[in-house]
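Colleague: Quick one: structure below, then a few questions.
The values are calculated or read from the model by the stated rules, or taken from the named source; none is laboratory data. Everything quoted here is computed from the prediction, not taken from an experiment. Using ideal geometry, Cβ is built from the backbone for each residue, glycine included, and neighbour counts are taken over all protein chains shown. Surface accessibility is based on the protein's heavy atoms, side chains included, excluding ligands, DNA and RNA. Shrake-Rupley method; radii C 1.70, N 1.55, O 1.52, S 1.80 Å.
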Amino acid sequence: MRRYGSLQAEALSSVARRLIEPLPDSPVVMDVGCGAGSMSVPLAAALRDHGGGVLVLVDATPELLDAACAAARAETDGAVSVKPVLADLTAEDPLSFAGPVELIWGSRVIHHLPDQLRGMKRLVDALAPGGWLALAEGGLETRFLPWDLGVGSPGLQDRIAAARASWFVSMREKMTGSVRLPVGWNVALADAGLGEISAFSFVVDHPAPAKQLVRDWAVDRLTWLAEITSAHLHPADRDALRRLLNPSDSEYVGAREDVFLLETDTVHVGRRR
């Protein structure tokens, strides 16, 4: 998470400034599903430059929450109060204590909830009148491998992407209490009670030849993809993945000079009436 966050840092800093700029003085901002703090740090810095405020960090994993708080506090110079909340969004009422919030940020969190619309409505309930909900969900498929790797058949990453989509459908179907959300995010935000709905996208671009940090991230990413897609891939593709993830192999992803990172994430924004 830290490695990935550092690769996104410049883009996320721009997003944080954009979201914080229209807020009133001394706002309360919440980072839901903060993880290790990839967005918590940019939000803390943007709040500091905005004149201060309160940053509420919410996560269900204590170690991640502690890491996010420490990283965010290092950016505040005392101008921002950072408050941790150990909570699971699937619980009944994890957010009410925070009081009205001017901005709630959630990145790739809602799609993990059994009832996504209900989860959005609960976030809307935590907003102050006129407050904003910003959800980073969707975008374009992350690319980091060349079309022809010289290992297996060309187009491996496209087949992995298709396998990941199948895995995601299966993962959602197996959730207890899973409810489909058969609309786009703009419609979902409106159904959750928000107005002034819009969206924008941001790009993370680290072209080849990339620094070692990108290659290390590529190993992490491909390891995870191999784990979740194995059952959906042809044996030849699984063999190719084993070679790409073997540090002793000449085709090891972590040593290739043609690895890169290009992704486009979309932020969907709505305002409480």
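Colleague: So ALA72 clears everything in (1) open to solvent by 60 Å² or more (accessible area, probe 1.4 Å); (2) more than 29 Å from GLU196 (Cα to Cα); (3) in contact with a helix residue (DSSP H, G or I) (Cβ under 6 Å, 6 or more places away or on another chain); (4) of a type outside the set (Asp, Glu) except one condition, right? Which one?
Modeller: Of (1) open to solvent by 60 Å² or more (accessible area, probe 1.4 Å); (2) more than 29 Å from GLU196 (Cα to Cα); (3) in contact with a helix residue (DSSP H, G or I) (Cβ under 6 Å, 6 or more places away or on another chain); (4) of a type outside the set (Asp, Glu), only one is false for ALA72: (1).
Colleague: Among the residues of the stretch 23-35, count how many are more than 15 Å from VAL109 (Cβ to Cβ) and touching a residue at least 60 places away in the same chain (Cβ under 8 Å).
Modeller: Of the residues in the stretch 23-35, 5 are more than 15 Å from VAL109 (Cβ to Cβ) and touching a residue at least 60 places away in the same chain (Cβ under 8 Å).
Colleague: Hey, another quick one. Sort out which residues of the stretch 126-156 are over 26 Å from ASP31 (Cα atoms), open to solvent by 20 Å² or more (accessible area, probe 1.4 Å) and of a type outside the set (Asp, Glu), and write them in order of number.
Modeller: ARG143, PRO146, TRP147, GLY150, GLY152, SER153, PRO154
Colleague: SER230: of a type in the set (Gly, Ala, Ser) and open to solvent by less than 50 Å² (accessible area, probe 1.4 Å), yes or no?
Modeller: yes
Colleague: Of the residues in the stretch 217-239, how many are in contact with a strand residue (DSSP E or B) (Cβ under 9 Å, 6 or more places away or on another chain) and aliphatic (A, V, I, L, M)?
Modeller: Of the residues in that region, 1 qualify.
Colleague: Can you tell me which residue is farthest from LEU149 (Cα to Cα) among those in the stretch 240-273 that are among the small types (Gly, Ala, Ser) and open to solvent by 50 Å² or more (accessible area, probe 1.4 Å)?
Modeller: Out of the qualifying residues, it is SER248.
Colleague: Being closer than 21 Å to LEU19 by Cβ, crowded, with 19+ Cβ neighbours inside 10 Å and at pLDDT below 95 narrows it down to one of LEU47, LEU123, LEU103, LEU113, so name that one.
Modeller: Just one listed residue meets the conditions, LEU123.
Colleague: Please specify each residue of the stretch 169-196 satisfying the condition of being open to solvent by 60 Å² or more (accessible area, probe 1.4 Å) and either touching a residue at least 12 places away in the same chain (Cβ under 8 Å) or among the polar types (S, T, N, Q) (or both).
Modeller: THR176, VAL179, ASN186, ASP191, GLU196, listed by residue number.
Colleague: Looking only at the stretch 61-81, which residues are β-branched (Val, Ile, Thr) and more than 11 Å from LEU47 (Cα to Cα)?
Modeller: THR61, the sole residue that qualifies.
Colleague: Of all residues in the stretch 197-220, count the ones that are open to solvent by 50 Å² or more (accessible area, probe 1.4 Å) and either β-branched (Val, Ile, Thr) or closer than 18 Å to VAL269 by Cβ (or both).
Modeller: 5
Colleague: Same structure, new question: Considering only residues that are out of contact with any helix residue (DSSP H, G or I) (no Cβ under 7 Å at 6 or more places or on another chain) and among the hydroxyl-bearing types (Ser, Thr, Tyr), which ones fall in the stretch 35-69?
Modeller: Of everything in the stretch 35-69, just one residue is out of contact with any helix residue (DSSP H, G or I) (no Cβ under 7 Å at 6 or more places or on another chain) and among the hydroxyl-bearing types (Ser, Thr, Tyr), namely THR61.
Colleague: Could we say that LEU64 is within 16 Å of the chain's Cα centre (by Cα) and of a type in the set (A, V, I, L, M, F, W, C) here?
Modeller: yes
Colleague: If we scan the stretch 147-162, do we find a residue that is part of a strand (DSSP E or B) and in contact with a helix residue (DSSP H, G or I) (Cβ under 9 Å, 6 or more places away or on another chain)?
Modeller: no
Colleague: Considering only residues that are closer than 21 Å to SER201 by Cα and touching a Pro at 6+ places or on another chain (Cβ under 9 Å), look in the stretch 12-31 and name the one that is most open to solvent (accessible area, probe 1.4 Å).
Modeller: ARG17
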